[in-house]
1. Just to check your reading of the model, which residue among B:LEU555, B:LEU547 is over 30 Å from B:LEU336 (Cα atoms), at pLDDT 80 or above, in contact with a strand residue (DSSP E or B) (Cβ under 9 Å, 6 or more places away or on another chain) and within 14 Å of chain A (Cβ to nearest Cβ)?
2. From the list B:PHE106, B:PHE119, which residue is open to solvent by 20 Å² or more (accessible area, probe 1.4 Å), at pLDDT 90 or above and not acidic (Asp, Glu)?
3. Looking at the stretch B:236-290 only, could you name the residues that are β-branched (Val, Ile, Thr) and under 20 Å from B:ALA319 (Cα atoms)?
4. Considering only the stretch B:481-492, how many residues are among the hydroxyl-bearing types (Ser, Thr, Tyr) and either surrounded by fewer than 18 Cβ atoms within 10 Å (Cβ to Cβ) or at the interface with chain A (Cβ under 10 Å from one of its Cβ atoms) (or both)?
5. Filter the stretch A:134-172 down to the residues that are assigned to a loop (DSSP other than H, G, I, E, B), of a type in the set (S, T, N, Q) and within 14 Å of chain B (Cβ to nearest Cβ) and list them by number.
6. Could you run through the stretch A:59-72 and say how many residues are farther than 16 Å from A:ALA18 by Cα and either open to solvent by 20 Å² or more (accessible area, probe 1.4 Å) or assigned to a strand (DSSP E or B) (or both)?
7. Considering only residues that are touching an Asp or Glu at 6+ places or on another chain (Cβ under 6 Å) and in a helix (DSSP H, G or I), which ones fall in the stretch A:260-312?
8. Quick one: in the stretch A:351-370, of everything that is within 19 Å of A:SER249 (Cα to Cα) and buried (at least 19 other Cβ atoms within 10 Å of the Cβ), which residue is farthest from the other protein chains (Cβ to nearest Cβ)?
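The values are calculated or read from the model by the stated rules, or taken from the named source; none is laboratory data. What you see is a predicted model, and the numbers here were worked out from it, not measured in a lab. Cβ: placed from backbone, ideal geometry, glycine included. Neighbour counts: every protein chain shown. In case anyone asks, the SASA skips ligands and DNA or RNA and just uses the protein heavy atoms, side chains included. Shrake-Rupley method; radii C 1.70, N 1.55, O 1.52, S 1.80 Å.
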Amino acid sequence: MKFQASQSSLFSAFQTLATIIPTKSPMPVLMHFLVQLTGKKLVVTATDLEISMETQLEVSGEEDGKALFPARKYLELLRELPDVPIHVEAADNGRITLTAEGKNYNLASENVQNYPKVPSLEKVEPLRLSQSQLRRMISKCSFAVSRDELRPQLTGVYAKVSAQELRFVTTDGHRLVKIGYQHNGYKGAALESIVPAKAMQNAARLCEREGDIEMFFTDKQIAFRVGPTTMITKLIEGRYPNYEAVIPSDNKNKLTLDLDQFQAAVRRAAIVSNEISRQIRLKISADNVEILVEDIEQGNEGRESVSCSYAGEPMDIGYNAAYVLDVLKQIDTGEVVLDLGTPTSAGIVKPTEQEEKEDLLMLIMPVRLN
Amino acid sequence: MTSVASSERNSLPKIRILAENVVNQIAAGEVVERAASVLKELVENSLDAGATRVQIVLKGSGRSLIQVVDDGCGMSRDDLLLAFERHATSKLARAEDLQTVKTLGFRGEALPSIASVSFIEVRSAATGAASGTLLRLEAGRIAHDEPIASNAGTSMAVHSLFFNTPARARFLKSAATELAHLIRIFKQYALAYPEIAWTLTHDDALEYNLPPADLSTRLNDLFGAGFSDKTASLQFEAGGVVVSGVVGLPELNKKSRGNQYLFLNCRPVQSALLHSAVRSALRELLEEGEWPFYAVFLEIAPSELDVNVHPAKLEVKFADEQRVHGALYRAIRSVLTERFVQDSRLAVLPSDAAERSSENPSVAVPQRSDLFSRQTVASSGDMSPLTSGARAPDALSSEQGLLRPAIFQVHGKHLIAQIQSGIAIVDQHAAHERVLFEKAIRSFDERSFHAQQLLFPMLLELDPEMDALFVEVRDDLAKLGFQIRDFGQRTYSVEAVPAGLRRVSESGMIRAMLEEYREFRRARFEPLEALAAGFACHAAIRAGDLLTADEMTALMNELFATRFPLTCPHGRPTVIHVTLSELDRRFKRTE
């Protein structure tokens, strides 16, 4: 295999795939790019066996072929080369040669025959969405993904697509995010799936520009396509917990707060809170919320008041300050609304006004006060 | 029928006399193992006689002479003669209460046994008697018997021990070893009876002169001035077991045994069970191969134990071992305070590294080393200015653009921090276990864990064995912040978990804790400690968990705020301290 291309085009194409390459793997071939040349079309693939990503670029091809490029060395060399035409050659013995203006580097590589089979894109009706919208949805929900490997379903993002809506749900059992978006139309089958968090992060990375992203849903995989780049991910098997059943429908105590004021107050309280439990306490009355914090172990305490509007019973409720800050960060409106039930049941956190076509709802579970 | 009687009535068949001598010599082999056993028997006799002064005179490490002189109730001639008859204990004559095993000697085989392998000279006068008796015995036979003028009390001198049993004599160790055994016996009784005045003379040199005192003065008199300051007093009573005495601070730990004194109803005893109770109670303060100092007194109703197991009366058996173990264990745990830590190991971790860095700015001393300054902070809130102290230099270094990480994580499992005297290497899992363990223990009283409510209750189905364990600990789990609902048929719903746990698999938690709990119970942990240890073991961060700088700082802070920062609940070390001199030595820089 022989081809020539500019440093910048090569670097940006390979760079896109770099996050897929595992840093450590019992299978050394996975730490390589799979590179295939057919005429002028160079196809580059990376996989960690769960997620695979492929991109294409045009080069001046000289001799078709297929080879593995050692990912880290190759990419770092590319980065350090000036933006000049680079000649790349893969010898039959597997060695990769980069030549550019008197610079010549020769890299050892693995046998291309050992590279695993990579799944291909199943052509189903895609859902088309703006890149910025997908990125936004992912960034709003990713914080609540669980790390409990004994409950693998919670370590992914629940994704549900229907004719009208794309919905993501994440939860770690302590808080939950549900974000829905009324898209412009989808003709494929309605499907529910659980997408690994790492795949969602990579999908968000693909959404860096203006323009759309296409999503292909099947019952075994989800694919994302932006321009010449396609990412395909396996899904997490199993049933996602019945999140709808835990979203309270009768939380009658409605608390509205200035977002900035409340956020700043909780941030200050968090500093003084116990480093482990991060516990704060909200004493909610008709026109103000008192935020109390006490770290018995370190002997620190604090309190402050934030004005609010509140329709409901006076309430004393404990929270993990980090959880509160996490949800407040997702609010884009000037005020935030908390619909509370009891001091031991889930509270709903929402913006005062939803973005167009969007529906964001978060749940936060309190800490029982002793 | 006996040797004493037969010596007066020579007409008795010879064969019976011989048999009795043989019996005594055989018995002597069992009871009189060495000079120290003789001393023990004589001292016990003096104590049983109600002595307030006991003088011990030794010569030739006991081979030439073991003499015990007391001011006790003494013996009449008849009693004295009886005393040298096997199984006819002279003390039966003294009082009715001697029929219990509260006296030290009771088998009545000691004196005849000793007499059979030595020359004995006894002078004794009973309280109130007009005169006393002098008796000389040679290999158990009365050689001399005359009335003498004497004050009340007894003087028993044993000469030429084992003169007629060369085999036994050969088994005696060096003079130094034999003397050490004698001294140990002396120390045991001197500790058990501080209210009695004791002297000990060896080869005409006065080795000990102990006036009547309390236990702590006696400790100082025996082991050196200030010794008792390095101990903690025990005072505990539970379930009919009274525990008193002292345990030594870690600085008294030794690499060899010999400073463990255990007394049961004032009788020196050996008990693997009780020793293990002391050891496990002190586990955080003992390093591999170390022995603690202790002088522990247990009082238990005689009906609860069987001391008549071995003629030397050292081994005891208890009716309820677990109860005695538990009482002793708790007695010691309850006095372990931060004092133990403060006075010992942590002193090697310096507190002034930060100061030093300002004195000598060219030396890159990490700002965080002042973490170690808070060696002891009572859980309730002795608030040293640690937090501000730890943060301020950080801000400084970032202003200067000097990114000097204070603590490094290596291999995802060890934290390395520079301290003034060298390097501290912390095992992150063990350290976090220690933190969580102590917090859990506190939580049983104070409920310091809050309950994080769960959106999705987790179902827990237990097999009968696990369920039995679960029922045992269920109420205590609630104190840790778990909220569990019973669905019947060994099925439960976990609706809340302890708040603030990081990187924990909540779903597997209770089952894993129960398994740990079972193991810790088998290792004789008390129930609450077993549960706390099981909890800590499972909830602690693991090897492989990457920590942020804040998390590392928090962990170090919390670790050094615990009572026993240097070991995890299993007793394994949390911190390895490598000194600069050690490093220099390894780099062959030693001058």
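1. B:LEU547
2. When all the criteria are applied, what remains is B:PHE119.
3. Keep residues of the stretch B:236-290 that are β-branched (Val, Ile, Thr), which gives B:241-243, B:246-247, B:269, B:278.
If the condition is that a residue be β-branched (Val, Ile, Thr) and under 20 Å from B:ALA319 (Cα atoms), then B:VAL241, B:VAL242, B:VAL243, B:VAL269, B:VAL278 are the ones that fit.
4. First pass over the stretch B:481-492, keeping only residues among the hydroxyl-bearing types (Ser, Thr, Tyr): B:491-492.
With either surrounded by fewer than 18 Cβ atoms within 10 Å (Cβ to Cβ) or at the interface with chain A (Cβ under 10 Å from one of its Cβ atoms) (or both) added as a condition, the list becomes B:491.
So the count comes out to 1.
5. Quick first cut of the stretch A:134-172, residues assigned to a loop (DSSP other than H, G, I, E, B) only: A:145-151, A:162-164, A:172.
Now restrict to residues that are of a type in the set (S, T, N, Q): A:146, A:162, A:164.
Passing the criteria: only A:SER146.
6. First, the residues of the stretch A:59-72 that are farther than 16 Å from A:ALA18 by Cα: A:59-67.
Next, only the ones that are either open to solvent by 20 Å² or more (accessible area, probe 1.4 Å) or assigned to a strand (DSSP E or B) (or both) stay: A:60-67.
The number of residues fulfilling the criteria is 8.
7. Selection gives A:ALA265 alone.
8. Going through the stretch A:351-370, the residues within 19 Å of A:SER249 (Cα to Cα) turn out to be A:351-354, A:359-366.
When the remaining residues are screened for being buried (at least 19 other Cβ atoms within 10 Å of the Cβ), the result is A:351, A:360, A:362-366.
Numbers: A:PRO351: 21, A:LEU360: 17, A:MET362: 11, A:LEU363: 6, A:ILE364: 9, A:MET365: 4, A:PRO366: 6 Å.
Looking at the filtered set, the residue picked out is A:PRO351.
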